[in-house]
């Protein structure tokens, strides 16, 4: 896979390689199990092997690469255990954020969130799955920011990306599926506006658990992308 060459003096070569490979793995341009050669990656980016080695190490720490001495480096596959743990961590943090958000929610916060939802509606009508995914991240980030816990989204994002990498295997998303995501978001926003905590948490849990059937399905039909160890 060809990439643009490293030219930005303001960014270290290791950061540049890391960000490019991270994006390729998360977007599934590099599929689970794909093998990477340190020398080939260095040549593709126009850098020396050392920043590639550093980037590989960072990607390994993010559970995205398997780096083993004397053996080929490969993109890490999925495991149900990892996916379930990511779901648990993401849900635990975000449910607590919603709990806190309900205490402070007001009209100004509501208006900010509704602006995001209007953009989501346009994406659903256009069947723009990529655009909706970006606004989905923005929706959950906004809630963290508006609740007063912006750093919580760092944890949510890391766990959410692990799950979204798996779900990206479903290359075509139907309009009905996109609309279901929007409906979940609208319900969450409505219960926040009403400051109805019990209904808010029920709506949020339904939203988070929506992926369970998708994960089980993908485990059956794309078993080649799952690690057995």
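Some observations on this one:
- Screening the candidates 30, 98, 113 for the property of being in contact with a helix residue (DSSP H, G or I) (Cβ under 6 Å, 6 or more places away or on another chain), assigned to a loop (DSSP other than H, G, I, E, B) and on the phi < 0 side of the Ramachandran plot yields one hit, 30.
- Number of the condition not met by residue 55 [criteria: (1) at pLDDT below 95; (2) under 20 Å from the mean Cα position of the chain (by Cα); (3) not assigned by TED's automatic domain parsing to the domain that holds residue 141]: (1)
- The set of residues from the range 192-211 being closer than 18 Å to residue 136 by Cα and free of Cβ contacts under 8 Å to residues at least 40 places away in the same chain comprises 203, 206, 207, 209, 210.
- Checking each residue of the range 155-171 against the condition of being part of a helix (DSSP H, G or I) and at pLDDT 95 or above gives at least one match.
- The range 57-75 - residue that is touching a residue at least 24 places away in the same chain (Cβ under 8 Å) and assigned to a helix (DSSP H, G or I) and, of those, nearest to residue 222 (Cα to Cα): 59
- Condition broken by residue 11, with the remaining ones in (1) farther than 22 Å from residue 227 by Cβ; (2) part of a helix (DSSP H, G or I); (3) in contact with a helix residue (DSSP H, G or I) (Cβ under 9 Å, 6 or more places away or on another chain) satisfied: (2)
- The requirement of being modelled with pLDDT under 90 and in contact with a strand residue (DSSP E or B) (Cβ under 9 Å, 6 or more places away or on another chain) is fulfilled somewhere in the range 80-88, by at least one residue.
The values are calculated or read from the model by the stated rules, or taken from the named source; none is laboratory data. Note that the structure is predicted; figures quoted are calculated from it, not measured. Using ideal geometry, Cβ is built from the backbone for each residue, glycine included, and neighbour counts are taken over all protein chains shown.
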